[in-house]
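Report on one structure; see the data block that follows.
What follows is calculated from the coordinates using simple rules that are stated; it is not laboratory data. Keep in mind that this is a model prediction, so the values were computed, not measured. Note that we place each Cβ from the backbone using ideal geometry, even for glycine, and neighbour counts take in every protein chain shown.
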Amino acid sequence: MPPLIREGIRKGQLLDGKYEVTRQLGVGGFGEVWQARDVVLGDRFVAVKFLTHTSAPDTEGFVREMRALEALGLPGIVGFRHHFEYQDQLALVMEFCSGGSLSDQFGTERAQPGDDWYGQVVAWFIPVCETLDAVHVRGFVHQDIKPSNILLKANQPVIADFGIANTSAGTRLYSSPAKQLGASVANDSREDIYGLGVTFLEMVLGTHPWEELAGDDLLRAKRQRVVQSDLLVPPWIIEIGLKAIHPDADLRFQTAQEMADALRAKRVPIVVDQAAIKAHRAVLSGEKALKRAAWPAAQKAVDAALRISPGLPSAMLLAGRIKLTLHQPDAAYEILKEVENSSSQHVVGMELGWLYLQRDEVARAIATLSDVVTRDPVNFEAWCLLLEGYWRVGRFDELKRIAQMIVSEKCESLAFENAGLLARIGAGELSAPWLRQALIDGIDNPVARYNVSVAADGPQVLGGTEAMLSKLLFHDYRFGLAAASKCRNTVVIEIGGRKINHDEAVISIGNLAQNTVAIGNRSVSRRHAAIVNMGNEVWIHDLASTRGVDVDGVTIKRRAVLLGVHDVRLGDVRLKVRASESLVA
């Protein structure tokens with residue numbers, strides 16, 4: 001018997017005038033549990049659980065929740081009898097379950113691999129699932145489902161610590177990857193399903209699937225659902241367990257009742273949604289249209305997909321990407337906000353990071369995109385967005401290090417070469433002679449060539465280092481791909497009745513003579529704007545100008561896409577800009 005570790009508690013002691021202490025049952029994260037005999041009611045035994053001060057800071061609200069759970073009258077929950085205070089600690093008087101917990105079953109004679117044991121585990125878990133479902137529909141979530149919190153009463157399972165466990169962050173070995181990272185949604189009942197799945201697998205396998213793992217190794221195993229199963233375990237059992245522990249909460253069982261139904265049927269039902277199949281075909285068509293910058297066609301495909309299957313995730317994702325590509329963060333947010341705080345946010349992590357960048361929530365973008373590239377190291381588009389975040393906050397050392405690493409991996413986008421150049425310019429590593437010589441030698445990357453020309457102007461010409469850096473262009477990932485360099489449009493710029501055709505990849509506009517379009521007007525900044533003409537897309541960028549850039553009467557923020565004919569104003573100067581007609585097809 002373990003030593004009595006609470007000062008003042010001893011065998012035979014009478015607590016609260018009616019509970020005679022018989023023995024200690026255990027010590028856990030919430031405090032201690034003692035067996036006691038209710039001397040008022042005779043030989044009935046109870047379990048007295050002493051909670052630490054931090055377990056339930058709101059004692060009144062905590063007890064109220066325990067009573068609400070007891071009022072449900074569910075036989076699958078350990079009964080709450082009474083509460084009192086002892087040595088300034090809350091003591092809960094609970095129903096005593098003589099069969100111990102599921103964790104006590106390991107090593108027993110009946111816990112031997114085989115059909116009998118698997119059948120017994122399934123027989124226990126069906127009522128546990130149904131109890132959890134009944135509680136979930138009433139708004140309660142346990143938060144710490146594990147073998148030691150499922151007790152046996154006459155061989156029938158009952159869930160312990162309901163109302164106690166949900167005051168904590170749970171137990172890491174039984175928590176989902178999102179919860180381990182602190183990114184799960186509060187009060188999401190699917191966290192209980194995850195813990196239930198891990199507990200189920202532990203019971204049938206005879207050992208916790210990740211017992212020896214911790215930190216990043218544990219997180220990786222959870223994401224990959226690494227489970228070493230004995231060949232004797234029926235495949236349908238492992239299949240149900242893996243469904244319950246899917247790292248994406250949207251792909252787990254959505255209710256505990258669904259898991260109970262699967263255990264009864266001995267299979268995970270596959271839902272066939274013919275409408276979703278047809279809708280996803282429209283999404284694939286829209287993705288192809290988006291790649292060639294045919295935004296109206298892409299939007300038409302998304303609209304068709306959502307008519308066929310409202311809320312289809314792939315269609316919602318494409319709809320958000322269209323708005324992000326068009327630099328419409330508010331519209332993108334309206335589409336993606338449903339997943340922004342959901343347990344599935346990692347599925348659209350890159351899009352959320354992209355969205356945060358457009359909304360100037362740069363720190364949040366960096367955090368989100370860092371998670372994306374950790375999960376998917378070859379997602380180079382996400383890497384590029386992350387580097388843009390580093391550029392925005394002036395982390396030139398990290399920008400340079402990562403850009404060089406990805407260039408060494410021979411990534412097909414030239415955007416990373418430009419990112420490395422920006423890092424060196426930002427850090428002041430490139431001298432004026434080096435910059436001038438680079439222009440003489442020639443630079444194949446048009447965005448990098450433009451940036452070198454701006455840096456060659458020097459801070460003294462452009463109003464200081466910060467002003468110079470604000471005139472530089474970050475190279476979008478898609479514009480660095482080979483297909484983008486092969487596709488060039490004719491951009492017609494009309495100013496003062498004079499029309500000039502341009503097919504350059506970067507068309508700079510300002511009152512310096514070095515600009516592609518030089519405008520001798522003091523209301524126009526020295527490097528006022530740039531038109532990026534690549535990959536069947538034409539964009540106008542405001543280069544942190546003093547007077548801003550208006551397109552069709554609206555002042556743009558950072559940049560705007562140009563489709564067809566537009567009235568553009570730079571300071572007091574008005575231009576008419578026409579992009580290739582093919583862009584509006």
Convex hull of segment 310-479 built on C-alpha atoms - directionally averaged projected area, nm²:
10.4 nm²
Ordered by fewest other Cβ atoms within 10 Å, a rough proxy for footprinting exposure, 321, 190, 264 read 264, 321, 190
Computed from the mean reciprocal separation of all distinct C-alpha pairs, what Kirkwood hydrodynamic radius does segment 488-584 have, in Å?
13.0 Å
Cα-based helix-to-principal-axis angle, 396-408 vs the chain, degrees rounded to 10
90 degrees
Sorted by Cβ density within 10 Å, fewest first, the residues 318, 242
242, 318
Which of these values of Cα extents along the principal axes in Å was calculated from the structure shown: (i) 62, 62, 55; (ii) 103, 54, 43; (iii) 85, 59, 49?
(ii)
For the residues 474, 84, 200, what sequence is obtained by ranking on other C-beta atoms within 10 Å, fewest first?
84, 474, 200
Nearest-ten-degree value, helix 362-375 long axis tilted from longest Cα axis of the chain:
70 degrees
Per the helix-only calculation at 222 nm, which mean residue ellipticity applies to the chain, given -39500 (n - 2.57) for every DSSP H run of n ≥ 4 and division by its residues, nearest 500 deg cm²/dmol?
-12500 deg cm²/dmol
Roughly what would the spin-label model give for residue 71 and residue 40, points 7 Å off Cα along C-beta, in nm?
2.1 nm
Electrostatic dipole magnitude of the chain [Cβ: Lys, Arg +1; Asp, Glu -1; Cα centre; debye, to 20]
1840 debye
Taking the dipole about the Cα centre of the chain, with the C-beta of Lys and Arg at +1 and of Asp and Glu at -1, give me whichever of 473, 568, 269 is farthest to the positive side.
568
Working from Cα positions, state the angle (0 to 90°, nearest 10) between the long axis of helix 313-325 and the longest principal axis of the chain.
30 degrees
Selection from 124, 187, 148 lying farthest towards where the dipole of segment 102-265 points positive, charges on Cβ:
187
Selection from 134, 329, 114 lying farthest towards where the dipole of the chain points positive, charges on Cβ:
329
Estimated dipole of segment 310-479 in Debye, rounded to 20 [Cβ of Lys and Arg +1, of Asp and Glu -1, Cα centre]:
180 debye
Eligible lysines near residue 278 by straight Cα distance, threshold 27 Å, same-chain separation 8 or greater:
243, 288, 291, 300, 323, 337
